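What follows is one structure encoded as structure tokens, with my remarks underneath.
The values are calculated or read from the model by the stated rules, or taken from the named source; none is laboratory data. Bear in mind the structure is a predicted one, so any value in this text is a computation, not a measurement. Because the Cβ atoms are built from the backbone with ideal geometry, glycine has one as well, and the counts that use them run over all protein chains shown. For the accessible areas, the whole protein counts, side chains as well, though only heavy atoms, and no ligand, DNA or RNA atoms are used. Shrake-Rupley method; radii C 1.70, N 1.55, O 1.52, S 1.80 Å.
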Amino acid sequence: MARRKIVAGNWKMNMTPSQAVALCAELKDLVKSDSVDVVYCVPAIDIVPVVEAVKGTNVKVGAENMYFEEKGAYTGEISAAMLKDAGVEFVIIGHSERRDYFKEDDALLNKKVAKAFEAGLTPILCCGETLEQREMGVTMDWIRLQIKSDLAGITADQVKSMVIAYEPIWAIGTGKTATTEQAEEVCKGIRECIAEMYDAATADAVRIQYGGSVNAGNAAELFAQPDIDGGLVGGASLKADFGKIVNY
Ligand code: PGA
């Protein structure tokens, strides 16, 4: 089965609402594509203006995080229902910056993945190893543990519809991209893990992105790999280059 490529920008903590609207206008024609899904994952405060700004285009909007509770006394948090109502379709869950700086663990992320599905959002679940783990040779063990824990209780049909982003932590924002071989090896390993947990059809359907210093120069080679179905792009998603990545 041919999987449709998906290229998502992760804006992180960049772009005020007015800057966000200006960026959408700048990128509008550059990110046009009939063959690739394009998503902007934006800061919570930018969601409403960005949903408005991309209306009538091929761009879909994602959030960078959400909380798993339905509603209530969780000051500062944003629920899946709020995202859905605002027009969000995707949500990044378990980005390494959230795991590291905000101490999000796999038990929490598992609840977030389940809640996202319940609300009708598509999770982009992130996983990835540190440089130390890679040097110790435990990359795939670590990633399998993340995937198995974060997807506990999630059904095969749900997994078929979701996105998994492999992002080696040492390659994020460092300009140091994983080699094509390293990226493909782990994305293939994730697909094998999904086949073991579910079945071949689920492994064949789930889309797996590579993330970590993706740019206009390396996107084509990365996305040509058999198990890499697009990218999660940080720094390069904030400039015109993002159009070149989408149209790699
Ligand atoms: P980067 O970030 O492209 O700036 O390395 C990727 C990410 O963190 O999703």
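When GLN182 is tested against (1) open to solvent by 20 Å² or more (accessible area, probe 1.4 Å); (2) within 14 Å of the ligand (Cβ to nearest atom), only condition (2) is not met. Considering only residues that are assigned to a helix (DSSP H, G or I) and open to solvent by 60 Å² or more (accessible area, probe 1.4 Å), which ones fall in segment 162-179? Passing the criteria: only ILE169. Residues of segment 135-154 include none that is crowded, with 19+ Cβ neighbours inside 10 Å, touching a Lys or Arg at 6+ places or on another chain (Cβ under 7 Å) and outside any helix (DSSP H, G or I).
How about segment 205-227: which of its residues are more than 11 Å from the ligand (Cβ to nearest atom) and within 16 Å of MET162 (Cβ to Cβ)?
ALA205, VAL206, ARG207, ILE208, ASP227, listed by residue number.
Of all the residues in segment 12-23, those that are closer than 14 Å to VAL59 by Cα and outside any helix (DSSP H, G or I) number 0.
Could you tell me whether ALA2 is out of contact with any Gly (no Cβ under 7 Å at 6 or more places or on another chain), among the small types (Gly, Ala, Ser), within 27 Å of GLY243 (Cβ to Cβ) and at pLDDT 95 or above? For ALA2, the condition - out of contact with any Gly (no Cβ under 7 Å at 6 or more places or on another chain), among the small types (Gly, Ala, Ser), within 27 Å of GLY243 (Cβ to Cβ) and at pLDDT 95 or above - is not met. Quick one: is GLU167 in contact with a strand residue (DSSP E or B) (Cβ under 6 Å, 6 or more places away or on another chain), at pLDDT 95 or above and within 16 Å of the ligand (Cβ to nearest atom)? Judged against the criteria, GLU167 is a match. Within segment 2-13, the set of residues being within 16 Å of the ligand (Cβ to nearest atom) and either in contact with a helix residue (DSSP H, G or I) (Cβ under 6 Å, 6 or more places away or on another chain) or hydrophobic (A, V, I, L, M, F, W, C) (or both) comprises ILE6, VAL7, ALA8, GLY9, TRP11, MET13.
Annotation: GLY120 fulfils all but one of (1) more than 21 Å from VAL233 (Cβ to Cβ); (2) small (Gly, Ala, Ser); (3) in a helix (DSSP H, G or I); the unmet one is (3). Restricting attention to segment 24-59 and to residues that are in a loop (DSSP other than H, G, I, E, B) and acidic (Asp, Glu), the residue that is farthest from LEU222 (Cα to Cα) turns out to be ASP29.
Of the residues making up segment 84-96, those that are more than 16 Å from the ligand (Cβ to nearest atom), touching a residue at least 40 places away in the same chain (Cβ under 8 Å) and open to solvent by less than 60 Å² (accessible area, probe 1.4 Å) are GLY87, VAL88.
Scanning segment 97-131 for residues that are open to solvent by 20 Å² or more (accessible area, probe 1.4 Å), within 16 Å of the ligand (Cβ to nearest atom) and in contact with a helix residue (DSSP H, G or I) (Cβ under 7 Å, 6 or more places away or on another chain) yields THR130, LEU131. The set of residues in segment 197-213 being open to solvent by less than 10 Å² (accessible area, probe 1.4 Å) and within 15 Å of the chain's Cα centre (by Cα) consists of VAL206, ILE208, GLN209, TYR210, GLY211, GLY212. Regarding ALA81, is this residue over 19 Å from ASN10 (Cβ atoms), out of contact with any helix residue (DSSP H, G or I) (no Cβ under 6 Å at 6 or more places or on another chain), assigned to a loop (DSSP other than H, G, I, E, B) and free of Cβ contacts under 8 Å to residues at least 40 places away in the same chain? Here the answer is no, as ALA81 does not meet what is asked.
In segment 228-248, of all residues being in a loop (DSSP other than H, G, I, E, B) and more than 13 Å from the chain's Cα centre (by Cα), the one that is farthest from the ligand (Cβ to nearest atom) corresponds to ASN247. Whenever a residue of segment 1-12 is aromatic (Phe, Trp, Tyr), its partners that are in a strand (DSSP E or B) and modelled with pLDDT of 95 or more, lying with C-beta atoms within less than 8 angstrom and at least six residues away or across chains, give the pairs TRP11/TYR40; TRP11/CYS41; TRP11/VAL42.
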